[in-house]
Amino acid sequence: DTLVIGIDCFGICGDVDGDGTQDRVYSLPIINAGGFEWADMAGSESIAVLIDVDGDVAAQFPRGDDDERLEGLPWDFVVGVPGAQPTGGMDARLPCTAGVSAFRWLDAPRCTGVYTYLDNGDAPYPWGRFAAPVNTDSGTPWPILNANSRPASARPDLEWHVQQWSALRARAGAPFPNTDCKRDAQVLYMQAYAGSNDDAFVPEDFVPSRTTIARVDIPTTEPACGPTTPTSAPPPPMCYFNSTWTMNCSPCSLPSCVSACPPSFSQLPDGTVTANPASTLFP
């Protein structure tokens, strides 16, 4: 019951200048332009996956090349690393930033999560569209496994495991039709974003693009789900010869097997075959 999201970056995720690290900038052009790279995708660095589970965002796309508005879009969730507070300011609004120093502000190890989408405000990119963390019924953040919270050259990409996926879909009004098995095929609409407000002239990335979205079809590999149908009566016990040439019953449920099978036959060492009462099958 998990939605797995993989982010395959060009190089190391969070490495703005491509120097092989994601915690400092060595590119003089970026430095001279006032650019900065935060460690662990802190600050305004963000990677976000916008998700629509009930299909209502599809009517908003594709859009014209000059239509870059983000407000009013009915995305159900944002999964990833936020790059700003919901207000766009530095007041600690997201719980993951409470008591955190400026250099660890909004970093991936602390703040990667499942959020609601901020459909108002003036944030120009998805880094500012993380409204609030989605919580479980007990008030804890929605469970998500961040399989690689600190990308490096040996492990450059990201992988997030959004757990209790069927319950999260139900939160958005799109539960699986068969909640007993949770194996239904599903259709999701997604748009992915990566960028920062502190990387000078490095452009923002969208997948598939800023004015289009991707339809993701997830087929089921399991048998069709549905109500459990009554099964026919089990077949009567069958009899077979075992290694001692004694006819036994299968399945061997003690009195029913004995009563349903004919008498067994045993072959004695001298080769003669004798019939035994069925009751002697089970001493």
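Residue pairs whose Cβ atoms lie under 9 Å apart, separated by 6 or more positions or on different chains, with the first residue in region 117-144 and among the polar types (S, T, N, Q) and the second open to solvent by less than 40 Å² (accessible area, probe 1.4 Å) and part of a loop (DSSP other than H, G, I, E, B), are Asn135/Trp142; Thr136/Trp142; Thr136/Pro143. A single member of Thr97, Thr112, Thr116 is at pLDDT 85 or above and open to solvent by less than 10 Å² (accessible area, probe 1.4 Å), and it is Thr97. Among residues of region 100-109 being out of contact with any Pro (no Cβ under 6 Å at 6 or more places or on another chain) and open to solvent by less than 10 Å² (accessible area, probe 1.4 Å), the one that is nearest to Trp142 (Cα to Cα) is Ala108.
Scanning region 121-154 for residues that are assigned to a strand (DSSP E or B) and open to solvent by less than 50 Å² (accessible area, probe 1.4 Å) returns Phe130, Ala131, Ala132, Pro133, Ile144, Asn146. Contact map, region 145-164: first residue among the basic types (Lys, Arg), second residue assigned to a loop (DSSP other than H, G, I, E, B), Cβ cut-off under 7 Å, separation 6 or more or different chains; pairs are Arg155/Asn148. Does Ile12 satisfy the condition of being more than 30 Å from Asp119 (Cβ to Cβ), open to solvent by less than 60 Å² (accessible area, probe 1.4 Å) and touching a residue at least 24 places away in the same chain (Cβ under 8 Å)? Judged against the criteria, Ile12 is a match.
Residue-wise test of (1) open to solvent by 20 Å² or more (accessible area, probe 1.4 Å); (2) among the hydroxyl-bearing types (Ser, Thr, Tyr).
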{"site": "Thr2", "(1), (2)": "yes, yes"}
{"site": "Val16", "(1), (2)": "yes, no"}
{"site": "Ala33", "(1), (2)": "yes, no"}
{"site": "Glu37", "(1), (2)": "no, no"}
{"site": "Asp40", "(1), (2)": "no, no"}
{"site": "Ile47", "(1), (2)": "no, no"}
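Name the strands (runs of 3 or more DSSP E) wholly within region 1-88 that hold at least 1 residues that are out of contact with any helix residue (DSSP H, G or I) (no Cβ under 6 Å at 6 or more places or on another chain) and on the phi > 0 side of the Ramachandran plot? In region 1-88, 77-81 are the strands (runs of 3 or more DSSP E) which contain 1 or more residues that are out of contact with any helix residue (DSSP H, G or I) (no Cβ under 6 Å at 6 or more places or on another chain) and on the phi > 0 side of the Ramachandran plot.
Here is a yes/no grid of residues against (1) at pLDDT below 90; (2) open to solvent by 30 Å² or more (accessible area, probe 1.4 Å):
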residue	(1), (2)
Arg169	no, no
Ala174	yes, no
Gln186	yes, no
Asn197	yes, yes
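Using the structure shown, decide if Phe103 is more than 17 Å from Arg169 (Cα to Cα) and in contact with a strand residue (DSSP E or B) (Cβ under 9 Å, 6 or more places away or on another chain). No; evaluated as a whole, the condition is false for this residue.
Looking only at residues of region 21-74 that are of a type in the set (S, T, N, Q) and modelled with pLDDT of 75 or more, we find that the one that is nearest to Arg171 (Cα to Cα) is Gln60.
So how many residues does region 94-120 have that are part of a loop (DSSP other than H, G, I, E, B) and over 14 Å from Val134 (Cα atoms)? The number of residues fulfilling the criteria is 9.
The values are calculated or read from the model by the stated rules, or taken from the named source; none is laboratory data. In this text the structure is predicted, and so the values were computed from the model without any measurement. Glycine also receives a Cβ, built like all others from the backbone with ideal geometry; neighbour counts cover every protein chain displayed. Ligands, DNA and RNA are excluded from the accessible area calculation, which covers all protein heavy atoms including side chains. Shrake-Rupley method; radii C 1.70, N 1.55, O 1.52, S 1.80 Å.
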